Every structure is written in C-alpha cells, then in structure tokens.
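The values are calculated or read from the model by the stated rules, or taken from the named source; none is laboratory data. Predicted model, so just to flag it, every value in this text is computed and none were measured. As a convention, Cβ positions derive from the backbone with ideal geometry for all residues, glycine included, and neighbour counts pool all protein chains shown.
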Amino acid sequence: MAERLTLIGFGEAGKTFACAGGWGEAAIAYDIKTDIASTRPEKLADYADAGVRASESLVGAIENSPLILSLVTADQSLAAARAAARHIAPGALFLDMNSVAPATKTQAAQAIEGAGGRYVDAAIMSPVDPAALAVPLLLSGSFAQAGAEALALLGFTHARAIPGPVGRASAIKMIRSVMIKGMEALTAECLIAAARADVVDEVMASLGADWAAKADYRLERMMRHGLRRAAEMEEAAATLEALGFAPDMTNATVRRQREIGEAAIDPIPEGLAAKLERLLA
C-alpha cells in the first residue's frame, strides 16, 4: 500500500475501512468534528480505535500525500474537494467516495485536476458495514483504473473501473438510491400508519415472511443515518433534475429521511416493535 494515505472524514465508512485494512499509522485522518469541542473526544477515540494518526488540520493531512480518500457527508463533498485542491500534491490521487450528484463530482474534479491532482469518481454501492473492504465500488473518470489499482493495494476486493467520464459512477449510485432510500421511506410511512391503526402484524404478514426483518433493518438505517441519507437524496434529486425529470418521489424521500434522522433516537431500540413505539412517542 501507499507509504502514506489520507482520509478526509472519519465517520462510519472511514473508520470501518481503516479498521478492516489495518492501515495503522500509514493512514492519517482529518475530520471537521475534531474542531468542535463537543465532538472532539469521540472523534479522537475513533482515530485511536482504528490506530490511525490524527491530523489537527486538513492541510496537515493532505500535504505531500500521494493518495487521498474523501469520505465526508454529501453536503460537504464539494467544499472538501475545493479545500483539498489548495494543498494537494502534484499527481496525487483523490478518490471522491461521497454520495453526490454527477454535476457535483464534475465540479470537484475541476478543482482537483486544476490544481494538478488526479481525480477519481468513486461510488460506494452498498452499506460499508459489514462489507468493509469487500464493499462494491464503481470508479469512473480518466484516472479510474489508477484508482482501482490503488484501492486493491489498500485491500479493497471489489473496486471496478467502468468506462466513462467523471460522474458516470455517481449517476449509477444516485439513481440506485432513488429506489433503495425510497423503499426505506415508504417502509417507515407504511409501518407508522400501521402502528397507529394497530395492524402492524397483519400488514407484515400480508407482505411476506421476510418483511418484518427487512422493515426492522430499514428503520434502523434511517434512525442511525437519516440526516446523512436526506443529504444524499437531495443530490439524487439534483441528478434527476439534470436529466430533465421531476424528482417528486425523491423529494418526499428527503423529507421522510430527514424527519426520522432529526428525531435523534439514541440508543436505537432492538426489534421492530420497539422502534415503532419510539417513533410513535
């Protein structure tokens, strides 16, 4: 692997990858939550748990680094790329693994490549937990193959370069998310209504034997990551608009994901019935 690797953003994805890869001190991480007094101790603990080095600044994290993985929230993706472009080393690979619209990736690529870096549009195609380094990744852009080779050296086993410019991998991801996150939102809407009508068991039985487990998982993802998913779905809506298609259902998904994320349910209850009880409360 690279002698030095930078992680911009150290949430679920960054920590999962670093722990699974055993990158240790070869990796240096920077997350803006380190700058906030209330979240700094937790973030420093995350760095320690993964064994990576912590950087007090974005500049310190990326200066002279040959390989950078950007794993921030969707609403910070472009800002992170533009900030990195001001300090990126010539020829450094910048893998933008954030869930944003193709147009956002194109703007980020312009910033990175305008500064002499090599930009890769990377789309994470499934939850990183429990897949970790086996998570499927699609890469596009002029440096996609170089990105795939770099990821393989880090231990990723399912990174695949696809033909096409920056934005193609993200188009696949965003359009897929219309279905995946939309199903989550529909599940929440259906079950909250069923709980209010006291017909949850009957509705679940009518849908099929495995639906209760699927519903429990979908609610858990919304409770844990609803705000992040809402930001991603805003990017999905932008993707559809750029294609000349009104994102009516996707905009509704944004609202439902954000609503459950803003409930800030912590700890998340075990089991479908307990989750519904908390949502109703």
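Run E220 past the list (1) surrounded by fewer than 20 Cβ atoms within 10 Å (Cβ to Cβ); (2) part of a strand (DSSP E or B) and report the number of the one that doesn't hold.
(2)
Yes or no: V178 outside the structural domain of A27 (by TED's automatic domain parsing), crowded, with 17+ Cβ neighbours inside 10 Å and not small (G, A, S)?
When the stated conditions are applied, V178 passes them.
Among (1) part of a loop (DSSP other than H, G, I, E, B); (2) modelled with pLDDT of 95 or more, which single condition is A209 missing?
(2)
Which residue pairs have Cβ atoms closer than 9 Å, lie 6 or more positions apart in sequence or on different chains, and pair a first residue in segment 39-50 that is without any contact (Cβ under 8 Å) to a residue 60 or more places away in the chain with a second residue that is of a type outside the set (D, E, K, R) and loosely packed, with under 14 Cβ neighbours inside 10 Å?
K43/I36; A50/G24
Please tell me if S126 is over 20 Å from A29 (Cα atoms) and either in a loop (DSSP other than H, G, I, E, B) or charged (D, E, K, R) (or both).
Considered against the rule, which asks whether it is over 20 Å from A29 (Cα atoms) and either in a loop (DSSP other than H, G, I, E, B) or charged (D, E, K, R) (or both), S126 comes out as yes.
Considering G226, G271, which residue is farther than 30 Å from A169 by Cβ, of a type outside the set (S, T, N, Q) and either in contact (Cβ under 8 Å) with a residue 24 or more places away in the chain or touching a Gly at 6+ places or on another chain (Cβ under 7 Å) (or both)?
G271
Being of a type outside the set (S, T, Y), surrounded by fewer than 23 Cβ atoms within 10 Å (Cβ to Cβ) and more than 24 Å from I62 (Cα to Cα): is that true of I124 here?
For I124, the condition - of a type outside the set (S, T, Y), surrounded by fewer than 23 Cβ atoms within 10 Å (Cβ to Cβ) and more than 24 Å from I62 (Cα to Cα) - is not met.
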